[in-house]
1. Give me a comma-separated list of calculated 3J(HN,Hα) values for region B:408-425, in order, Karplus coefficients 6.51, -1.76, 1.60 applied at θ = phi - 60°, integers in Hz, x for any Gly or Pro.
2. How high is the relative contact order of region B:3-75, in percent, counting Cα pairs under 8 Å that sit 6 or more residues apart?
3. In square nanometres, what is one fourth of the surface area of the convex hull spanned by the alpha carbons of the protein assembly as shown?
4. Residues of region A:209-227 with amide nitrogen under 17 Å from the 7 Å Cα-to-Cβ point of A:Tyr437?
5. Whole-Hz ³J(HN,Hα) for each residue in region B:397-405, computed from phi via Karplus 6.51 cos²θ - 1.76 cosθ + 1.60 with θ = phi - 60°, x for glycine and proline: what do you get?
6. Using the count of nearby Cβ atoms within 10 Å as a rough guide to exposure, how do A:Asp513, A:Asp489, B:Asp416 rank from fewest to most?
7. What is the sum of charges around A:Val64, taking Lys and Arg as +1, Asp and Glu as -1, for the other residues whose C-beta is under 15 Å from the C-beta of A:Val64?
8. Give me the one-decimal nm value for the distance between modelled label points at A:Asp174 and A:Lys116, 7 Å along each residue's Cα-to-Cβ direction.
Amino acid sequence: MGAGRIIKVSGPLIVAEGMDEARMFEVAKVSERELIGEIIELHGDQAYIQVYEDTSGLGPGEKVTGTGQALSIELGPGLLESIYDGIQRPLNKIYEKAGSYITRGLNINGLDRDRKFEFTPDPSLKEGQEIKVGDLLGEVKETELIIHRIMVPPTLKGGILVEKPKAGTYTVEDVIARVKAGDETQDVRMYHRWPVRTPRPIARKLVPEVPLVTGQRVIDTLFPIAKGGSATVPGPFGAGKTVVQHQLAKWSDANVIVYVGCGERGNEMTDVLQEFPELIDPATNRPLMERTVLIANTSNMPVAAREASVYTGITIAEYYRDMGYDVAVLADSTSRWAEAMREMSGRLEEMPGEEGYPAYLPSRIADFYERSGRVVCLGSEGRNGTLSVIGAVSPPGGDLSDPVVQATLKVVKVFWALEDQLAFERHFPAIGWLTSYSLYHDNLSEYMRNEVSPKWAETRVAAMSILQKEGELKELVRLVGLDSLSDTDRIVLETAKHIREDFLHQSAFDDVDAYTRMEKQFRMLETVVKLHRACESAIQKKVPLKKLLELKAREGIARMRNIEEDKMEKFDEIQEGIEKEIAGYSADSRQVEA
Amino acid sequence: MVTEYTTIGEIAGPLVLLTDVDHATYEELVEIELPSGEQRRGKVLEVNRDRVLVQIFEGTRGVDISSTKVRFLGKSLELAVSPDILGRIFNGLGSPIDDGPKIIPEMMLDINGNPINPYARIYPQEFIQTGISSIDGLNTLVRGQKLPIFSGFGLPHSELAAQIARQATVPGSESPFAIVFAAMGITFEEANYFIRDFQETGAMERVVLFINLANDPTIERIATPRAALTAAEYLAFERGMHVLVILTDLTNYCEALREVSVARKEIPGRRGYPGYLYTDLSTIYERAGLLKGDKEGEVREGSITQIPVLSMPDDDKTHPIPDLTGYITEGQIILDRSLHRKGIYPPVNVLPSLSRLRDKGIGKGRTREDHSNLANQLFSSYAKSKEVEELAVVLGEAALTDTDRSFMALGEEFEDKFVRQAIDENRTIEETLSIGWDLLSKIPRAEIKRISEEYIDKYLPGNKDIDAGGETAGKKPESGSETAEEQS
């Protein structure tokens, strides 16, 4: 924990000498104001430190002290409903202490030391029994939605439980149990610190096979993500990345959501802060905020803390995953994180890779997304937990050859491509159906078959091929006009239009439309595909195209989105209507032929 | 206490490097005295032991190695503020240049400001009526928003910005906006246009101007928007005023930044702009909004609404400056050269324009219940008309269906009646919306899909079941024939 002296200040990077005892990625306190920094390079006794706060006013000669600890955050009850900056300082506490602006050198704990939690011990525990890391000690009701499981943290060693936990109200610092490992007796508290750059240990990884249901039709039906999967949403500005991320934060069926606003707009975070406490989770009838942790490092906050914010977010998510929950991390936007890396790399005078990004960009991105997964957690119970990661990317000019997009696509399994043309037409979510993909269809097919419908895969493939065909036909129409298409092709265009306008287009601001359950999604698509098949066979039977284009049933399809979730029988009515109407025309045309 | 140094070792571009400096700190303000006695100001960019890199705001012309004196002032660049700054003109560093008296400071504020805690913000949702239909109707501005104008060389962005400054009001609120105007590297004529406009409309007494013209020192521009926003923050959050900030032209600002970056031999990002351009721009744009009071639950009086103007080099929206701006600001108003050529003022291309804060700022109780529906319908109908137009170019107008033609008609009228307005025409939101509804009567009612039936019945002019597209009368509006032909 040697004390050194600053010799150089260049933006968020400072260099200090006399740091003989410093270690890589150790946290250092810089100057009398104790600004927080992290050692990112060592040359002899010189340490290069990235500082998480504004460095103006610092100069050579000021003191730097190592803390001996890696950049860590506090994990324990009280995380939910919080809003943190990039290095886990609660923004509401900063506001109480410093007013509207974020000033420097504020040292505030991530978890409230005064707050008391009602703790219920695990009744099966006996003193003298052996206990392992990850074993359950008891529970705290953190919010109405989430039971916080207190486990033996991976910072301790397993051993003999010499003092078992008792029921009572405790602060996070109170010792609730003692575990003897060898000669050493360790105190167990409700919280512990964990270094953010180190993934938390697990027993083993499993293959994801259950979908993360988001209620967004284009996602769940065409390009689903599995619980424990990873996805990316790249798109130019204005294409609706943030709206997609917000919709996922609101509606996806994860137990816990960690939303990382990394280098984004201040007002957007305010929007989330104001809206989430008012939004009610449809499954539990509780405010969505009770399952949410927000990390907000807006674009004007110090750049180094932005780099840390995604790690802070994913570490909190891993912690809840270890309790056996389904957790989703939404990172908006990973481009800002990459840019923060680029800025630090430039200040370190490293040789740049593509577009000035450091050469280690792809490996950092891969490390981050690989922290997702479906896992067996540590502990005797063998709990399963999942961690899904969804990262937005903001490529310059929407250009997908951007190094951040490319490095991300290498590791994620789902790609939702936002297209600005769709956004101009106000088709939201503006996820392009011809360029996006999901590699989870096979993993999820069994679940879909059993839980939604045996015809799931078939219907989806039929819809996709209609959209594909539409893409080709549109090219043709541009050249030769609509009239030269065959009747069958005209039917394809018509069906594709239903899929686009009545299925894929979804309003985030409409009460019924904002969220669609899987069953309804399937019934909607099934209805469109049924109509398509019926029209195709009617064409074979020489029913005039005009009649088919003017089917009354099409109106019903246009209003499908407004069918409430408990009125699924309405789909039967629409489907019967289609059959009846077309059967009528077929009969007519037979008579004509006769 | 203040030591004078005459130890300049190198001079390159706007930068000087000093050696043997005892104690300098990062971002510290520096005073330079030239052999001629002229005083200039600079800022510390980097300190490395006793070597200090300083950026001179007024440029290095005339600075020499042997006798120029440098003093470190132990603080960063500050702006003197008091209520008397209203009606005054300052240079790009915040010193008065209008022959008026010295400002007796009520407080001295660091022009870099501090980042606003997102927790302390209030989400902007008060509608601002600019009197311009393409903004009010479709890309609505709200109080506390940052909404840039993306323009090109030779397009009337100054006229539009001045018109917004003149006409902006919050319906139902009496107090007009105070205006903070920052000119960065624009010509005398452009700056004069604004000044004259403020004088003629009697607005001058609620305007603060920061002027850095094209022939003023380039590096001074880096401080100009920050000085202006510091003044704005003072007026808004200390004096409780609603402030409209116009920054023009951000492209010149970014070029100044690039000049410094190149002089420092930094690794460039796209097109030679520094890798930290995003971060740097955000420290300007994010200084807008509404704040909570000092205690939970209170609202602080005052607000900052920003209208930055930037010219897109070669009208290219993917150029780093508009691109990074678009990622920070809450939307953008895009001016279009082809509309300008058609003689349409203001030449706002509504399709790629966007106001991200629109949806919470409009609707019942703010503008009118049908506003959101109507705006969406106009967007999609106008997009459709553009598609048809393209089709007509390839296939000839004869190949168009009647519905297609109705959309073409809507598109033309949209540009002519909705977008086009006089430079002094101040439309109320009701007028804007009713022009919008008039346009929708051009297309068959069945094509109006984004508006609820209730509003169509209530607001669509003329007969309820009118089939204005020229289709055969009496046909069921829901019938699929037109919709089928929409494919293209």
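Readers should treat all values here as calculations from the given coordinates under stated rules, not as data from a laboratory. The model shown is predicted, which means the values in this text are computed figures rather than measured ones. Cβ coordinates were reconstructed from backbone atoms using ideal geometry, including for glycine residues, and neighbour counts include every protein chain displayed.
1. Each residue of region B:408-425 in turn: 4, 4, 4, x, 5, 5, 4, 5, 6, 9, 7, 6, 5, 7, 6, 5, 10, 8 Hz.
2. Computed over region B:3-75, the figure is 41 percent.
3. On the way: hull surface 181.3 nm².
It is 45.3 nm².
4. Hits in region A:209-227 for A:Tyr437 at 17 Å: A:222-226.
5. Computed from phi, the couplings for region B:397-405 are 5, 4, 7, 7, 7, 4, 4, 3, 5 Hz.
6. On the way: A:Asp513 15, A:Asp489 18, B:Asp416 12.
Going from sparsest to densest Cβ surroundings: B:Asp416, A:Asp513, A:Asp489.
7. Numbers: positive: A:Arg5, A:Lys8, A:Arg23, A:Lys29, A:Arg33, A:Lys63, B:Arg49; negative: A:Glu17, A:Asp20, A:Glu21, A:Glu26, A:Glu32, A:Glu34, A:Glu38, A:Glu41, A:Asp45, A:Glu53, A:Glu62.
In short, -4.
8. According to this spin-label approximation, the distance is 0.7 nm.
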